[in-house]
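Asks: Before anything else, here's the structure in question.
The values are calculated or read from the model by the stated rules, or taken from the named source; none is laboratory data. Predicted model only: the values in this text are computed from it and were never measured. Virtual Cβ from ideal backbone geometry, glycine too; neighbours counted across all protein chains shown. Please note that ligands, DNA and RNA were not included when accessible areas were found on the heavy atoms of the full protein model with its side chains. Shrake-Rupley method; radii C 1.70, N 1.55, O 1.52, S 1.80 Å.
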Amino acid sequence: MSFEPRSIPVDPDAKGALASKGLDYRLIDPSDTEALDGWIDADHRGFHHARPREVTREYERRVMGERRLHGVFDPGVPDPDVPVATVSSWPTGLSVPGGRSVDGWAVSSVTVSPTHRRRGIARAMMEAELRAAEHAGAAVAMLTVTEATIYGRYGYAPAARAATIEIDRRRAKWNGPSAPGRVHFVEPAALRDAAAAISRRAVARTPGEIDRWAGILDRMLGLVDPESDASRALRAIRYDDEHGQPQGFAAFRVTREPNEPGWAEFDVFAAATDDAERALWRVLVEQDFVTGVRGRLRSVDEPIEWLLEDPRAVRVVDVTDHLWVRIVDAAAALGARRYGAAGELVLDIDDPLGYAAGRYTLLASADGRAVVHVPRSDGSTDAASATASNSTAAPKRERSRARAAGSEGSGSRAAARAAEPRSLKLDVRDLASIYLGGVRPSVLARAGRITASSNGALELADRMFASTRAPHLSIWF
Ligand SMILES: CC(C)(COP(=O)(O)OP(=O)(O)OC[C@H]1O[C@@H](n2cnc3c(N)ncnc32)[C@H](O)[C@@H]1OP(=O)(O)O)[C@@H](O)C(=O)NCCC(=O)NCCS
């Protein structure tokens, strides 16, 4: 999705709502270093981070300079150039089942100073971000969250979970196949280019991953502040296949008390092939002089337990919601992914904020492609094709409304008018949760969240929304 995020004007509703409280909501010009630094300071303070060192500040300037940054300013505070609230956003692809990507809008850096909390600042900013996502033509908005109770009110819901996995070194006897290539230690700085290419392929094959932004690998590989203790402790490994092509990498640190075996800990692991995935795991779990290996932000569906003689060597110690998704344009989002089974399913979506509300007919064919029909007022339908993820940046809510209100359509109406279709009634948050295949619709029906017209409808929905690979996001953003 190529789109200049700063081309969207400042949201007038948010500006007006905050102005009525004596606050100024405005876009930060990244070429204004003083303003950018004030925003960076507020962001660090908001997340209770230490004040940034100069190297970190330079890195943040580089990364944040590519994003759409808003600050909320209070002229009455002693340092009025430091905003009392921050938010950043940018357009980015989200991988969806079937090796496809949907246009998304990432939201991050949501902070409100404790001196200004619970005055509706976060609400004004979050609602403005949804309007920006729509303006940008994104089918979904997404974020990772510090607390799970904040974002449901805006239509976000957990869509991909992440796990912390611990492997007991003493019990970790490998019984998986040997990979044909080799794993090497490499210096993190030398890994940067290969890591970028590997990450792109790893992201593409994993629903729930988002496109990596320029600079993220510097952070992951300890290159932002290479002289810091944390960076110097980082060890990087790379898997090269039998042809010498890099296919995967990981970076870990061993943390230990003096004279004690330590723990090898990692949250950087990317594999473009299954061979690479196995080979990296093997080197990580077969290290000597460690008590165990701890992987963070791992998939809930890691193969490691099936690669060891003793599956009890593996403990999943924490599973948490990680990626939260908000469906902004249901037709585009539904049309972008591939489906696990052929079938016709009607989705009656309730969305209190209006973006995705409506009745959509999903027609998936045996190859997993789908056409999404939105009914017209005369009872016929309009089709949004499966290529919706490549659509233009026109405001989608208008398009969806236009379809619902009776614009010209082109789809196979006969199919949509066939015998009484199976249907689900669901909230926009439930759609977000089933969208990537992270939870089965029948589980949400058991939870009383989704209502199905029949058991057959639920079975069909389970099969259609299934993903062969569990959705997984392996970074924070
Ligand atoms: C979370 C945070 C952004 C909320 O800002 P805020 O301006 O106080 O929020 P608002 O006044 O706009 O409240 C919006 C709604 O969210 C709710 N809310 C706010 N913070 C909440 C929290 N921590 N937990 C649960 N609900 C919360 C409010 O009750 C309100 O609900 P309502 O509108 O339905 O009545 C702010 O507390 C903060 O900066 N926290 C530290 C950083 C952080 O956690 N950021 C989130 C990153 S994912």
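Asks: Scan the stretch 232-242 and tell me whether some residue there is touching an Asp or Glu at 6+ places or on another chain (Cβ under 8 Å) and either among the polar types (S, T, N, Q) or over 30 Å from W306 (Cα atoms) (or both).
Replies: No: zero hits.
Asks: State yes or no: is V102 in contact with a helix residue (DSSP H, G or I) (Cβ under 7 Å, 6 or more places away or on another chain), surrounded by 22 or more Cβ atoms within 10 Å (Cβ to Cβ) and within 19 Å of R212 (Cβ to Cβ)?
Replies: So V102 passes the test.
Listed here are the residues, each with its yes/no results for (1) of a type in the set (A, V, I, L, M); (2) outside any loop (DSSP other than H, G, I, E, B); (3) at pLDDT 95 or above.
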{"site": "Y339", "(1), (2), (3)": "no, no, yes"}
{"site": "E344", "(1), (2), (3)": "no, yes, yes"}
{"site": "S377", "(1), (2), (3)": "no, no, no"}
{"site": "R397", "(1), (2), (3)": "no, yes, no"}
{"site": "A404", "(1), (2), (3)": "yes, yes, no"}
{"site": "E408", "(1), (2), (3)": "no, no, no"}
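Asks: Taking the stated definitions as given, is T111 touching a Gly at 6+ places or on another chain (Cβ under 8 Å), hydroxyl-bearing (S, T, Y), in the same structural domain as P12 (by TED's automatic domain parsing) and within 12 Å of the ligand (Cβ to nearest atom)?
Replies: Yes.
Asks: Can you find, within the stretch 45-98, the residue that is surrounded by the fewest Cβ atoms within 10 Å (Cβ to Cβ) among those that are within 16 Å of the ligand (Cβ to nearest atom) and of a type in the set (V, I, T)?
Replies: It comes out as V77.
Asks: Which residue pairs have Cβ atoms under 6 Å apart, sit 6 or more places apart or on different chains, and have a first residue in the stretch 34-51 that is touching a residue at least 60 places away in the same chain (Cβ under 8 Å) and a second that is among the aliphatic types (A, V, I, L, M)?
Replies: What qualifies is A42/V82.
Asks: Yes or no: the stretch 185-206 includes at least one residue that is of a type in the set (F, W, Y) and more than 16 Å from the ligand (Cβ to nearest atom).
Replies: yes
Asks: State which residue pairs qualify: first residue assigned by TED's automatic domain parsing to the domain that holds A432 and touching a residue at least 24 places away in the same chain (Cβ under 8 Å) and inside the stretch 193-222, second residue outside any strand (DSSP E or B) and open to solvent by 10 Å² or more (accessible area, probe 1.4 Å) in any location, beta carbons under 7 Å apart, and separation of 6 or more residues or different chains.
Replies: Pairs that qualify, where the first residue is assigned by TED's automatic domain parsing to the domain that holds A432 and touching a residue at least 24 places away in the same chain (Cβ under 8 Å) and the partner is outside any strand (DSSP E or B) and open to solvent by 10 Å² or more (accessible area, probe 1.4 Å): there are none.
Asks: For the subset of the stretch 1-36 comprising residues that are at pLDDT below 95 and assigned to a helix (DSSP H, G or I), which member is surrounded by the fewest Cβ atoms within 10 Å (Cβ to Cβ)?
Replies: The selected residue is S7.
Asks: Residues to consider are A414, A466; find the one that is out of contact with any His (no Cβ under 9 Å at 6 or more places or on another chain), modelled with pLDDT under 65 and at negative phi.
Replies: The conditions single out A414.
Asks: Can you find a residue that is within 16 Å of the ligand (Cβ to nearest atom) and acidic (D, E) anywhere in the stretch 145-152?
Replies: Yes, there is a match, as at least one residue in the stretch 145-152 is within 16 Å of the ligand (Cβ to nearest atom) and acidic (D, E).
Asks: Please pick out the residue among A197, A190, A214, A162 that is within 16 Å of T92 (Cα to Cα) and hydrophobic (A, V, I, L, M, F, W, C).
Replies: Working: A197 fails: within 16 Å of T92 (Cα to Cα); A190 fails: within 16 Å of T92 (Cα to Cα); A162 fails: within 16 Å of T92 (Cα to Cα).
That would be A214, the only listed residue that is within 16 Å of T92 (Cα to Cα) and hydrophobic (A, V, I, L, M, F, W, C).
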